[in-house]
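Step one of this worksheet: look at the structure below.
The values are calculated or read from the model by the stated rules, or taken from the named source; none is laboratory data. Every value quoted in this text rests on a predicted model; they were computed, and no experiment measured them. Positions of Cβ are backbone-derived with ideal geometry, glycine not excepted, and every protein chain shown enters the neighbour counts. Just the protein is used for accessible areas: all its heavy atoms, side chains included, with ligands, DNA and RNA removed. Shrake-Rupley method; radii C 1.70, N 1.55, O 1.52, S 1.80 Å.
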Amino acid sequence: MKVLISFANPKMGAKLFGLTRALFSKSQENLSIVALHVVSVESQSEGFPILEEDEIFQAVREEASGSDFSFETVGFPSDWIVPGIVEIAKSKEIDLLLLGAARSLFSDNLLGGKVGDVLRHLSELDVAVLADNGLVSPIEPIIYSPGLDSAPLFPFSSGLSTFIEKPIPVLSGVNQSEFGISQTNQFKPWIPFSLNAAADQTKNLAILDYNTYKSFHSVLLDRQGLSFLILRKGT
């Protein structure tokens, strides 16, 4: 399994590295991680300092120290952030791209901005996005699974369950027929899981598929202290 983690903030890089290691804890002997930081040249003109390579990757390298699996860093300056990510993803022939993003990115335009552009340019690739809302250890995950379309979440999350040494609870869907809805193609007032009353406030990471996030993001974003790990399977 070859995973590319792409980040802007060095602290996010360390968080993505730790999450990748946890997700694939069952197959670390075959795990390879590439850490990517495309340095935006234009960011300096906007008042943001451009960090040296050692500063960018220091936290990730500290996380990687003592690991048995393959690990490398890639960093280069460019005004074209998205093409840089796409090019490295293709040239490294990765199996999964894991992107880090601030939660605020998701409130106005679903998976918009640069993240949305990456998803569109890498439609054939499995992409996961961590919408971070202050995720800290210990990881307390929950899976939102409305139906069969969420099936890829379970193999994706099995290593995480092994890493935290306990099962991951699942909030699953309810059959629409139980609400007397026969023409589901015309009328769908259906929320597939309890998002509020039964939600466990101790959970800090919701794992869900891209379509579920798109359908219910406005409700999901009302949860305080909850980060999202969103999986978009490639075509």
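Would you check which residues across segment 115-154 are in a helix (DSSP H, G or I) and within 14 Å of the chain's Cα centre (by Cα) and list them?
V115, G116, V118, L119, L153 - these are the residues of segment 115-154 that are in a helix (DSSP H, G or I) and within 14 Å of the chain's Cα centre (by Cα).
Scan (1) open to solvent by 70 Å² or more (accessible area, probe 1.4 Å); (2) within 22 Å of S157 (Cα to Cα); (3) modelled with pLDDT of 85 or more for the single condition D68 breaks and write down its number.
Only one criterion in (1) open to solvent by 70 Å² or more (accessible area, probe 1.4 Å); (2) within 22 Å of S157 (Cα to Cα); (3) modelled with pLDDT of 85 or more is unmet by D68, namely (3).
Suppose we keep only residues that are of a type in the set (S, T, N, Q) and open to solvent by 40 Å² or more (accessible area, probe 1.4 Å) within segment 140-165. Which one would you say is farthest from I207 (Cα to Cα)?
T162
Only one of (1) at pLDDT below 90; (2) open to solvent by less than 30 Å² (accessible area, probe 1.4 Å) fails for L229. Which number is that?
Answer for L229: the failing condition is (1).
Restricted to segment 1-19, and to residues that are under 25 Å from K166 (Cα atoms) and outside any helix (DSSP H, G or I), which residue is most open to solvent (accessible area, probe 1.4 Å)?
M1
Out of L111, L130, L160, L96, which single residue is closer than 15 Å to I230 by Cα, at pLDDT below 90 and touching a strand residue (DSSP E or B) at 6+ places or on another chain (Cβ under 7 Å)?
So the residue among L111, L130, L160, L96 that is closer than 15 Å to I230 by Cα, at pLDDT below 90 and touching a strand residue (DSSP E or B) at 6+ places or on another chain (Cβ under 7 Å) is L111.
Any residue at all in segment 20-38 that is among the charged types (D, E, K, R), at pLDDT 90 or above, open to solvent by 20 Å² or more (accessible area, probe 1.4 Å) and part of a strand (DSSP E or B)?
The answer is no; no qualifying residue exists.
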